[in-house]
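Read through the structure below, which is laid out as structure tokens, and then see the notes.
The values are calculated or read from the model by the stated rules, or taken from the named source; none is laboratory data. Quick caveat: nothing in here was measured; it's all calculated off a predicted structure. Cβ sites come from the backbone with ideal geometry, for glycine too, and all protein chains shown count toward neighbours. Accessible surface is based on the protein model in full, side chains and every heavy atom, while ligands, DNA and RNA are left aside. Shrake-Rupley method; radii C 1.70, N 1.55, O 1.52, S 1.80 Å.
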Amino acid sequence: MTSAETDAPARIGDAVLRRAQPGDEAGILACIQALADYEHEPDAVKNTPEALAAALFGEVPSVFAHVVERGGEIVAIAIWFLNYSTWNGTNGIYLEDLFVKESERRSGFGRALLQRLAAIAVERGYERFEWSVLDWNTPSIAFYRSIGAIGMDEWTVQRVSGDALTALAAPRG
């Protein structure tokens, strides 16, 4: 795909895959909440439409999104940002969230979103496209294996947040 193709909306049946745009925040946030519900964390989402607008469409966007829209409703999302490989010397794409509403699954929307991000990575010369998946999410893992993704089982995600983050940030001594 060329730059024009990776930026252009694409039809998937009666739906459209496109870059997120201002005004999509409520639909994106609804998908984020549905994903949190699916992952058994219904109270974990603290995001707001305003925070999404700033992150996605602010002066210096820090995150990007593609959506699938059907009948005026956002039914699938891919939210991503750039990472960097010091070993390869290139950026990569890290997929933070991929979500397709349950009623829309098996419509090809998840594959189309992943395909679009892969095309962006290839077009820009990025050497990686990666994401995390919960160990218990076997349907998603099976889908990811079917498209050629491999598990990075030797790596363990580390996170510092909340009080531990505050304590780590505090000067010592």
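Brief remarks follow.
- Helix 25-38 axis versus longest C-alpha principal axis of the chain: approximately 70°, rounded to the nearest ten.
- Each label was represented as a point 7 Å from its Cα along the Cα-to-Cβ direction; for residue 7 and residue 50 these points are 3.1 nm apart.
- Residue with peak Gaussian network fluctuation, the chain [Cα springs, cutoff 10 Å], from 105, 124, 159: 159
- The slack between residue 140 and residue 153, meaning 0.36 nm per residue of separation minus the straight C-alpha distance, is 3.1 nm.
- Of the solvent-accessible surface of the chain, computed with a 1.4 Å probe and all protein chains present, 54% belongs to carbon and sulfur.
- Accessible area in square angstrom per residue, segment 24-173, 1.4 angstrom probe: 63
- Residue-span extension gain [residue 62 to residue 124] - 0.36 nm each, minus C-alpha spacing: 20.6 nm
- Crossing angle, helix 109-124 versus the chain [Cα axis fit, 0-90 degrees, rounded to tens]: 70
- Inter-label distance, nm, simple model (7 Å from Cα along the C-beta direction), residue 83/residue 39: 1.4
- Per-peptide average of other Cβ atoms within 10 Å, ordering 14-24, 90-100, 126-136 highest first: 90-100, 14-24, 126-136
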